[in-house]
Structures are given as C-alpha cells and as structure tokens.
Amino acid sequence: MKEVTVQELKNMMDRNDEFQLIDVREPFEYEVSNLNGLNIPLAGIVIESDKVAKDKPVIIQCRSGKRSAQAVMLLEQQGFENLANLKGGILAWKEEIDPELDVY
C-alpha cells in the first residue's frame with residue numbers, strides 16, 4: 001500500500017497539485033477538524049466509490065491512518081490503482097504541521 005506523509009501532503013497542497021483528498025472518518029469527527037477533504041465515512045466507501053477520482057492521485061485519511069488503510073484496501077479490491085494512505089492521519093498533521101488543530 002502506498003503511503004504519503006503529512007509533510008508530502010502539505011507540499012502537494014502548497015504546490016496546488018491536482019489530487020483528491022478523502023476523509024473516511026464519521027461526520028461528527030469531520031466537524032471537529034478536517035483538511036478540506038471529501039467526507040465519505042469508511043462504512044460507505046464502497047457504496048460511494050463513484051465519488052472517488054480515477055484520473056488523479058487520491059489520498060485517503062482518517063484520525064490515525066488505520067481506517068484509511070482499510071478504505072484503500074477496499075477500494076483497491078474495486079480496481080482503484082491511484083490511492084495512497086495518509087500515514088498517521090490527522091493526528092500526525094496536528095503533530096507535524098498544525099499544532100493549533102483541534103483533535104479529539
């Protein structure tokens with residue numbers, strides 16, 4: 001499974017690279033803090049896989065990297081080949097990029 005670090009993600013954002021960010025946490029978690037990704041909870045990721053881009057890199061994130069890793073595996077079983085897991089999730093983002101970010 002391909003992984004992207006939070007620093008790599010921040011660099012991609014700073015360069016305005018073309019990619020899609022998907023947050024697989026629950027809506028109440030997303031409301032606490034998010035990185036402006038599309039919110040598709042893990043339970044619905046296969047059902048809503050039509051919302052996942054096939055023509056550009058897709059980074060999947062959650063709180064710690066565990067649920068997003070599951071989402072990557074589920075989507076790869078559906079034929080996706082352009083996915084990466086955000087290593088450490090939003091907790092790593094808070095620790096390395098934005099200490100002011102609210103997390104639970």
Completion exercise
Of the stretch 64-104, those with amide N under 16 Å from the point 7 Å along the Cα→Cβ vector of Val32 are 64-68, 89-95, 99-104
Practice task
Please check the chain for the longest run free of trypsin sites (Lys or Arg not before Pro) that are loop-located per DSSP (anything but H, G, I, E, B) and have at most 16 other Cβ atoms within 10 Å.
Solution key: 55-104
Exercise for the section: Mind giving me the FRET efficiency for Phe19 and Val103? R0 is 25 Å, r the Cβ-Cβ distance, nearest 0.05 is fine. Expected result: 0.65
Exercise for the section: Rounded to whole Hz and in sequence order, give me ³J(HN,Hα) for the stretch 17-24 from the Karplus expression 6.51 cos²θ - 1.76 cosθ + 1.60, θ = phi - 60°, writing x for Gly and Pro. Expected result: 4, 8, 7, 10, 10, 10, 9, 9
Exercise for the section: Quick one: what are the phi-derived ³J(HN,Hα) couplings along the stretch 51-60, Karplus 6.51/-1.76/1.60 with θ = phi - 60°, whole Hz, x for glycine and proline? Expected result: 7, 8, 5, 10, 9, 7, x, 10, 10, 10
Practice task
Note down the magnitude of the dipole of the chain about its Cα centre, charges +1 on Lys and Arg C-beta and -1 on Asp and Glu C-beta and zero elsewhere, to the nearest 20 debye.
Solution key: 260
Practice task
Pull out the extension gain between Glu95 and Lys56, defined as 0.36 nm times the separation in residues minus the alpha carbon to alpha carbon distance; nm, one decimal.
Solution key: 11.3 nm
Practice task
Name the most mobile residue of Pro27, Pro41, Pro57, meaning the one with the largest mean-square fluctuation, in a Gaussian network model of the chain with Cα contacts below 10 Å.
Solution key: Pro27
Completion exercise
Per 5 angstrom bin, beginning at 0 and ending with the bin that holds the maximum distance, the Cα pairs of the stretch 3-72 fall in percents of 4, 17, 29, 26, 18, 6, 0
Handout entry: CD proxy at 222 nm, helix term only [per DSSP H run n ≥ 4: -39500 (n - 2.57); per residue of the chain; nearest 500]
Key = -9500 deg cm²/dmol
Exercise for the section: May I ask you to compute the full-extension gain from Glu81 to Glu8, defined as 0.36 nm times their residue separation minus their alpha-carbon distance, rounded to one decimal in nm? Expected result: 24.4 nm
Fill in the blank from the handout: Between Asp23 and residues 5 or more places away or on another chain, the pairs with built amide H atoms under 5 Å apart involve Leu38, Asn39, Ile40, Gln61
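No lab work stands behind these numbers, since they all come straight from the coordinates. These numbers come from a predicted model, not from an experiment. FYI the Cβ positions are ideal-geometry reconstructions off the backbone, even for glycines, and counts take in every protein chain you see.
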